[in-house]
Structure formats: C-alpha cells, structure tokens
Amino acid sequence: MDWTTRIMEAFGYPGIVLVVLIENLFPPIPSEIVLPFTGFMTTQGSLTLFGVVLAATVGSVLGAVALYGVGLWFGRDRIYWIVRRYGRWLTVTEADVQRTEDWFERYGMWTVFFCRMVPIMRSLISIPAGLVRMNMGLFVVYTAIGSAVWNLVLVGLGAALGATWDRVSHWVSIYQDVVIAVLLLAAAAFLLYRLLRRRK
C-alpha cells in the first residue's frame, strides 16, 4: 500500500489509472483500500472527484480487457477438451458447458455489470467473458458502467470520511464476507443437486 499510495500521490490521474489496472490484474491489491484513499486525496490537493472516478474506471476497463484477452487466448476449445477428458471426475459434461455458454450469451452483459461490484469476482468475471467470446463492445460498456458505480461509491466514501477513509475497508470486508458466504452456499446447493440427480 505504501508503494501504491506513493505512485498515486506522485503521478496523480495517470498513477491512479496504473494502480487500478494492476489492482484488477493482481487482486491482493485491494480496491477497498486503494479507492477510498484516492477519495481522501481529492480533499487534500488538486484532484477532483470526477477526475479520480474517471481515472479509476479507465484503469478498471484496461485491466478487465487484459483478463478478457486471457480467456480469449485460452479458448473454448481447450475447455471442451478438458471436459471431454476429465469431465466425469469434475461432474461436468459438454452439455453443461454448452448451457453455460447459452446462459452467458443471454445474460452475460448483466453478469459482467453486477460482478464488477463484487469483490474478487470483479476481476475474475472477465475471463469467462473472453472464453465465450462475449461481444467486445458490450463487454467494455458494461464493465465501464459497473466499474464506475463501484468506483464512485468507494471514492465518494473516502472523500466524505476524509482522514478516516480507511474505515471503508472494514465495511467492504463485511460486504465481501457476506458475498463469499452466499456464493459458497450456492455452490454447495448446486453440488448437492448434481449428486442427487446422478444417484437418481
């Protein structure tokens, strides 16, 4: 965090773009600390709330596009090969993958939008979007809108709290724990459903 805050303080908006881009590619750099600090910076110098949110959103989109490229490079053909070879151990069939693709084709833009406001998933959602070759224009638009909402909330809270900006990370960690608990319960319910279905 010392390194990231020094970059942002030294380079202003370009520094924010760089740090947020890295944060998207390297999740251990937490946005719930980086973004509130940039909000605090708007109360101490020449940076504006609009400029900071815009810079953070540009960094978010650039990071998301890079991860989209990772999914695109890995490709759906490799996914199908893995499923054909190891699917019975993973309890996944080619039909499951096809249904996932169909679902992503239908609801992918909203999935990308909402996941940009969920810790951890913010970065990871870009990879399956690339795997299924989601329309690049739509991906960028919904990533930008979702990221802008998330950035505005955290930057705004940091600006509002001023010197106590670091309290935001505590609230976000509670939100993150709730989201992770819900995802784990959903995954457990899905696995139980699959096991019961296979027994029948």
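Per-structure values
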{"item": "Potential extension, TRP81-ALA181 segment - 0.36 nm per residue separation minus Cα distance", "result": "32.9 nm"}
{"item": "FRET efficiency, 1/(1 + (r/R0)^6) with R0 30 Å, evaluated for ILE145 and THR43 via beta carbons", "result": "0.70"}
{"item": "Computed E for ASN135/PHE50 - FRET, C-beta separation, R0 22 angstrom, nearest 0.05", "result": "0.20"}
{"item": "FRET efficiency, 1/(1 + (r/R0)^6) with R0 25 Å, evaluated for LEU196 and GLU94 via beta carbons", "result": "0.70"}
{"item": "Ordering of 105-111, 59-65, 39-45 by burial proxy (mean other Cβ atoms within 10 Å per residue, highest first)", "result": "59-65, 39-45, 105-111"}
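Just so you know, all these numbers are worked out from the coordinates, no wet-lab data involved. Remember, predicted model here, so these are calculated numbers, not experimental data. Glycine also receives a Cβ, built like all others from the backbone with ideal geometry; neighbour counts cover every protein chain displayed.
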